[in-house]
Amino acid sequence: MDREQLADFLRRRREALQPEDVGLSRGQRRRTSGLRREEVAALADMSTDYYSRLEQQRGPQPSLQMLTALARGLRLTLAERDHLFRLAGHTAPARLGGSDHVSPGLMRVLDRLADTPAQVMTRLGETLAQTPPARALFGDETRFSGPMRSIGYRWFLHPPARDVYPREDHALRSRDFTAGIRAVYAEHGPRSRAAAIVGELREKSPEFAALWERHELRSEHTIDKRLQHPETGIMNLQCHVLVDPDQAQTLLVITAPPGTVDAEKLQLLSVVGAQRMD
């Protein structure tokens, strides 16, 4: 771990970012040229004290999870992310088969959707970043580790994952998640993370095992979906997907036609999300 160079790199990247780059308001009394330390800490979901000690060359060696969060918070490119990992004394993550690193461009898009349920996901349904309304709707999906990171895995083995969908839609969603996992499995092969998830699900979930044997493929993406929340009830929404082929990631954006009751319910979720973040 090169404490001096790590501290210098973090400081310079922080000072190079402007509030507008990360969806923050500049305000009238800002004296610093870039972001404040507390702003970077908030973007990376860590304490200001922890981040400050890294910049002051006093912090412990950051974990892989902390470095991933810092790379995302500072909107680093892949080359910059790899450099950050090496300065901290870790091997840079492999880039084959997609990445958990969200590109700065995709993060800029997400920053501008602060009042909309939106999240960046991998092909396996692992959530990498969420807006506050998305957390209000789905819960904090970035907190999971291991195979539980995949929504398809949670769907069959973690019952609360089904709460966001009306019960009468569960059978259709089960088929959809199974087909989605199959598509990733076919692309990456029998030694991939998808294959490991398939093996566990076939062993632990009779429902998944039965659907897997049917060998169904995913149909065309349907925009219209029904989601539910304790504060709003069932909502008829539209799910739009933007694809980042370089990172093998998708940006899921959930909307409702303007002027509808469902649009009002989504607006309520934005308020709920902001309150929970506070």
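The values are calculated or read from the model by the stated rules, or taken from the named source; none is laboratory data. A quick note: this is a predicted structure, and the numbers were derived from the prediction, not measured. We place every Cβ from the backbone using ideal geometry, glycine too, and count neighbours over all the protein chains shown.
Exactly one residue out of R30, R75, R26, R14 is over 30 Å from P257 (Cβ atoms), not assigned by TED's automatic domain parsing to the domain that holds A194, not in a loop (DSSP other than H, G, I, E, B) and not hydrophobic (A, V, I, L, M, F, W, C): that is R14. Going residue by residue through the range 56-72, is there one that turns out to be in contact (Cβ under 8 Å) with a residue 60 or more places away in the chain, buried (at least 18 other Cβ atoms within 10 Å of the Cβ), closer than 18 Å to V102 by Cα and not hydroxyl-bearing (S, T, Y)? Within the range 56-72, one or more residues are in contact (Cβ under 8 Å) with a residue 60 or more places away in the chain, buried (at least 18 other Cβ atoms within 10 Å of the Cβ), closer than 18 Å to V102 by Cα and not hydroxyl-bearing (S, T, Y).
Listed here are the residues, each with its yes/no results for (1) in a strand (DSSP E or B); (2) within 23 Å of A134 (Cβ to Cβ).
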{"site": "E187", "(1), (2)": "no, no"}
{"site": "A196", "(1), (2)": "no, no"}
{"site": "L217", "(1), (2)": "no, no"}
{"site": "K225", "(1), (2)": "yes, yes"}
{"site": "E231", "(1), (2)": "no, yes"}
{"site": "L242", "(1), (2)": "yes, yes"}
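Being touching a residue at least 40 places away in the same chain (Cβ under 8 Å), surrounded by fewer than 19 Cβ atoms within 10 Å (Cβ to Cβ), of a type outside the set (F, W, Y) and part of a loop (DSSP other than H, G, I, E, B) is a description that applies to G89. In the set L78, L54, L35, L64, only one residue is at pLDDT 90 or above and of a type in the set (A, V, I, L, M); that residue is L54. A residue that is under 14 Å from R123 (Cβ atoms), surrounded by 16 or more Cβ atoms within 10 Å (Cβ to Cβ), modelled with pLDDT under 95 and among the hydrophobic types (A, V, I, L, M, F, W, C) occurs nowhere in the range 205-222. The set of residues in the range 189-204 that are buried (at least 18 other Cβ atoms within 10 Å of the Cβ) and touching a residue at least 40 places away in the same chain (Cβ under 8 Å) comprises R193, A194, I197, L201. Within the range 15-24, can one find any residue that is modelled with pLDDT under 90, under 27 Å from F144 (Cβ atoms) and among the small types (G, A, S)? Checked against the condition, which is being modelled with pLDDT under 90, under 27 Å from F144 (Cβ atoms) and among the small types (G, A, S), the range 15-24 yields at least one hit.
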